[in-house]
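Report on the following structure.
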Amino acid sequence: MGSLLYLSRGDVEKVALPMEEIIRALEAAFLDKARGLAEAPPKPGVHPRRECFLHAMPASLPQRGAVGIKWVAGYPTNPKRGLPYISGLVILNDPETGFPISVMDCTWITAKRTAAASALAAKFLARRDARVLGICGCGVQGKTHLEALKVVLPSLEEVLLYDVSPEAARLFVEEMAPRYPELKFQKVSSAYEAVCESDIIVTAALILREAEPVIRKGWVRPGAFASAVDFDCYWTREALEEMDLIITDDEEQLSYYRSSGYFPRLPRVDGELGEIISGAIPGREDEKQRTMAVFLGLAIEDMVTALAILERARRMGLGTELPL
């Protein structure tokens, strides 16, 4: 029957899979998806508490040898308890036999692959000379997005930070400024200040059905690229209607979410990330376009990232073998 390798959150973090490698793995996965070589059905979920979720996210990428499922929870009340908002597990299976080969914590994976997907979109939709990054929401996703965007946009020079909690913005600077001494960090007092002068915009608030959008028409400058990590929670419909190009990661799953009450303000989508990577549809076509990525987060991202982590963990001798 064999065994599986269990990787704790600490084990996953020790592997320290480089962001560059995650972005490359996601690009290959989305190209497979565009070519019909990936399977990732809309994720079913349950909601034990108000605005909380547990989602099942299966995916198969035969070309990558990656198949499995992520069981992930998001509880907005967790930070008040000293716990992360996101928690869960990834189970990887042997594509030949279906037997589980690894179980690992998904917290680090979710944080990194989410940012890697935004960076991958920026590679095709952002201006190459983007200088200013505006971040609304200075938690985990704000930090990982800075890491990922710096990989694909080495031109970045300045980071504008806004959070409803000034302490979160302060801690962001305290942690990230030493890692990026070449960047200028500035805490601002409003979302408007973080958005209006930025070439790249990341909104990373909590995902809520009953959100109070902040970003309004006229705030986003021509030529900017935005990644709405929080679905459309930060954005008014009028602001979204100003976007010249809006892409998502999976239109079928977006429709599934809309039927559940999410994305009430999103006016349309113009295509998928995989279609842009494959050349089926164009990405940015001129310097004045306002472009946007509105992603749900796909299990194909988790599977290829988890598989790369498993391969490294085995080489490093990390984890605990458990009998089946």
Order the peptides 304-312, 204-212, 113-121 from the highest to the lowest mean number of other Cβ atoms within 10 Å of their residues.
113-121, 304-312, 204-212
Mean Cβ-within-10 Å packing, highest first, puts peptides 36-42, 293-299 in the order 293-299, 36-42
Taking the Cα centre of the stretch 115-293 as origin, sum charge times position over the Cβ atoms of Lys and Arg (+1) and Asp and Glu (-1), and report the length of that vector in debye to the nearest 20.
280
Residue 324 to residue 311: extension gain in nm, 0.36 nm per residue of separation minus the Cα-Cα distance?
2.7 nm
The chain - mean residue ellipticity at 222 nm from DSSP helices (-39,500 (n - 2.57) per run, n ≥ 4, rounded to 500)
-10500 deg cm²/dmol
Protection proxy ranking, peptides 263-275, 227-239, 45-57, average beta carbon neighbours within 10 Å, highest first:
227-239, 263-275, 45-57
Only Lys, Arg (+1) and Asp, Glu (-1) charged, at Cβ; the chain dipole about Cα centre in debye
520
Using unit Cβ charges (K, R positive; D, E negative) and no other charged atoms, how large, in debye to the nearest 20, is the dipole of the stretch 1-93 about its Cα centre?
400
Spin-label point model (7 Å from Cα, Cβ direction): what's the residue 24 to residue 189 distance in nm?
4.7
Could you work out the per residue convex hull volume over the alpha carbons of the stretch 173-324, in cubic angstrom?
200
Mind sorting 189, 8 by how few other Cβ atoms lie within 10 Å of their own Cβ, fewest first?
189, 8
What are the ³J(HN,Hα) couplings of the stretch 110-121, residue after residue, when phi is run through the Karplus curve with 6.51, -1.76, 1.60 and θ = phi - 60°? Round to Hz, x for glycine and proline.
4, 4, 6, 5, 4, 5, 4, 5, 4, 5, 5, 5
Enter the angle in degrees (range 0 to 90, nearest 10) between the Cα long axis of helix 140-152 and the first principal axis of the Cα atoms of the chain, meaning the one along which they spread out most.
80
Length added when fully stretched, residue 97-residue 3, from 0.36 nm per residue minus Cα-Cα
32.5 nm
Please list, by residue number, everything in the stretch 112-129 whose backbone N is under 14 Å from a paramagnetic label point 7 Å out along Cα→Cβ of residue 287.
127-129
What fraction, in whole percent, of alpha-carbon pairs in the chain exceed 24 Å separation?
52
Extended-chain gain in nm, criterion 0.36 nm per residue less alpha-carbon gap, residue 259 and residue 71:
65.5 nm
When all C-alpha to C-alpha distances in the stretch 248-311 are sorted into bins of 10 Å, what percent of pairs does each bin hold, rounded to whole numbers?
17, 41, 31, 10, 1
Cα centroid separation - the stretch 1-71 against the stretch 251-303, whole Å
19
Separation between the residue 50 and residue 212 pseudo-spin-labels, each 7 Å from Cα along Cα→Cβ, expressed in nm?
1.5
Which residues' amide hydrogens lie under 5 Å from the amide hydrogen of residue 94, considering only partners 5 or more residues apart or on another chain, with H built in the peptide plane?
99, 101
Return the FRET efficiency for the residue pair residue 251, residue 164: r is the Cβ-Cβ distance, R0 is 25 Å, and the value is rounded to the nearest 0.05.
0.20
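Readers should treat all values here as calculations from the given coordinates under stated rules, not as data from a laboratory. All figures in this text were calculated on a predicted structure; none of them were measured in a lab. Here the Cβ is made from the backbone with ideal geometry for all residues, glycine too, and neighbour counts use every protein chain on show.
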